[in-house]
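The values are calculated or read from the model by the stated rules, or taken from the named source; none is laboratory data. Owing to the predicted nature of the structure, the values given are computational and were not obtained by experimental measurement. Positions of Cβ are backbone-derived with ideal geometry, glycine not excepted, and every protein chain shown enters the neighbour counts. Just so you know, the surface numbers come from the protein's heavy atoms only, side chains and all, with ligands and any DNA or RNA stripped out. Shrake-Rupley method; radii C 1.70, N 1.55, O 1.52, S 1.80 Å.
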Amino acid sequence: MDVLPFLMLPVAFGLMFLGVQVAFAMMITAVLFGLVVFGDKVVHQFIEKIDDLSSNFVFAAIPLFVFMGAMLEKSGIADRLFEAIHIWTRRLPGGLALATIIMCIIFAASSGVIGATESVVGLLTIPVMLRYGYDKGLISGTICAGGSLGTIIPPSVVVIVMGPLADLSVGDLMYGMVFPGLIMAGLYLVYVFVLCLLRPSYGPRIPPEPGDPRFGEKVLITLRNLVPPVFMIFAVLGSILLGWASPTEAAAIGALCAVGLTVLYGQFTWSGLYDALIKTLTITAMIMAVLLAGTLFTGVFIGGGGINTASRLIQTMQLDPWALLALMLFVVFLAGFFLDWISIVLIFVPIFTPLAVQAGFNGVWFCILFLIIIQTSYLTPPMAPAIFYLRAVAPAEITIRHMYRGVVPFITLQVVTLGITMAWPGLVTWLPTVMLQLR
């Protein structure tokens, strides 16, 4: 049994823990093991992988979605959305937190860029919730969990990266994630409402004020502030789900709509456009560098017989298919404590997806389970990128302890979503099947 490919994982992880950046750690490992396994012929394999990556038009959606998120930061849309939503939820228990989650859902369905969503929403809502005496743990958990919904609610940059690696249609993955994403978001809303209903001190109701808008004024505010973003969501997400546009084409439409919103709201400036372009270039270069490194890494792993060895090992272990599934998801969950999402996707999706399919599971369903597990990686320390994003925008009075305490219930809700999706695979497989028949 050839165990050499499996030594690539500890070598790559060792380099990462020594402080080598993820992209370079995976590239170094791929080159070293590629030379050992294939000799100088590995150069031809690397050239082929680079050509495949650079010619895959699906990845063109990445810079477009990133630009879309960067422009939404400049548009002033967050203030207007919060006003339009909060005027309806302010009398409810935890109304500010509920409005925050709903706003995160809308942002997630707009661009799926998690860091941008959390930063914008955090800067806007934290001062308001603190002013009304909301529990600091609830504030932290709401923003961290809500801000990371862009992974499981389409359109999702994670899915655009995952699809080609899993050899699955990005469109099918986006169809498949609709219901699990809505279930997770719905569980967040129910949890916040019930918690604040039972413990009013966690999220006090806001009392009536003399200047509160009347019903007609609320409707006008909602139409003015909510309709343009909803139109943008339909233009992006609707065009994908209805089969009118590919993810890349929909991302281009969304980028144009984001610029249009900044103009509509009077927030457009040339300096803002320049900043958005620079941010897009930086983030895209990071993602593509790690993506290239991961492609070379998995190419050597698979070419060296890693998948075949893993299949024989599993046959030797005689694992039940569900035990194998649980083992793979548990490995991904543990990896989420130490690695960011793109590293997890690049390392494990090409390895685990063929094994799941060989075990008799639907590939799209497995990848959606994988996505739900990735959701937990945003909230689990020590990496916990959602907490790092929040730390960057939160005042000193909200401590790391508040943040860790606040995310625990939401991690539990993510696990509940995972259980529901595992118990009813039709939540994932039904919509892709229906849309295939309608095409």
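A simple rule links phi to the HN-Hα coupling: the Karplus curve 6.51 cos²θ - 1.76 cosθ + 1.60 with θ = phi - 60°, which for region 165-178 gives 5, 8, 6, 10, 5, 4, x, 4, 5, 5, 4, x, 8, 4 Hz, with x for Gly and Pro.
Can you tell me which of 412, 295, 284 moves the most in a GNM of the chain? Springs connect C-alpha atoms under 10 Å apart. The residue that fluctuates most here is 412. Placing unit charges on the Cβ atoms only, positive for Lys and Arg and negative for Asp and Glu, gives the chain a dipole magnitude near 1020 debye about its Cα centre. Working from the Cα coordinates of the chain, the gyration tensor eigenvalues give, after taking √(5λ), semi-axes of 38, 24, 21 Å in decreasing order. Describe numerically, in nm with one decimal, the distance between label points set 7 Å from Cα along Cα→Cβ at residue 317 and at residue 35. Taking the simple label geometry, residue 317 and residue 35 are separated by 3.3 nm. Take the Cα of residue 227, step 7 Å along the line toward its Cβ, and report every residue of region 63-95 whose backbone nitrogen sits under 20 Å from that point. What the label zone holds, given the 20 Å backbone N cut-off, is 76-88.
Residue 41: which lysines have alpha carbons under 17 Å from its alpha carbon, excluding same-chain residues fewer than 8 sequence positions away? Correct list for residue 41: 49. What lysines does residue 218 reach when the alpha-carbon gap must be under 27 Å and sequence neighbours fewer than 8 apart in one chain are set aside? Straight-line reach from residue 218, under 27 Å: 74. The angle between the Cα long axis of helix 215-233 and the longest principal axis of the Cα atoms of the chain comes to about 20 degrees, rounded to the nearest 10.
Please tell me the relative contact order of region 330-439 in percent, rounded to the nearest whole number, where contacts are Cα pairs under 8 Å and at least six residues apart. Reported relative contact order: 29 percent.
The GNM of the chain, with springs linking C-alpha atoms under 10 angstrom apart, assigns the highest mean-square fluctuation among 44, 402, 86 to 44. Only protein atoms count toward the accessible area here, which uses a 1.4 Å probe; on region 275-423, the carbon and sulfur part of that area reaches 72 percent. Based on the Kirkwood approach, the hydrodynamic radius assigned to region 4-51 is 11.1 Å, with every pair of different Cα atoms included. Mind checking which of 92, 163, 102 is farthest towards the positive end of region 89-206's charge dipole, using Cβ charges of +1 (Lys, Arg) and -1 (Asp, Glu) about the Cα centre? Going by the Cα projections, it comes out as 92. You can think of it this way: the chain between residue 397 and residue 423 has 5.2 nm of extra reach, that is 0.36 nm per residue less the Cα-Cα gap.
With springs connecting C-alpha atoms under 10 Å apart, model the chain as a Gaussian network and identify which of 392, 60, 84 has the largest mean-square fluctuation. Comparing 392, 60, 84 in the GNM, the peak value goes to 392.
The candidates 408, 434, arranged from most to least accessible area with a 1.4 Å probe in the full protein assembly, appear as 408, 434.
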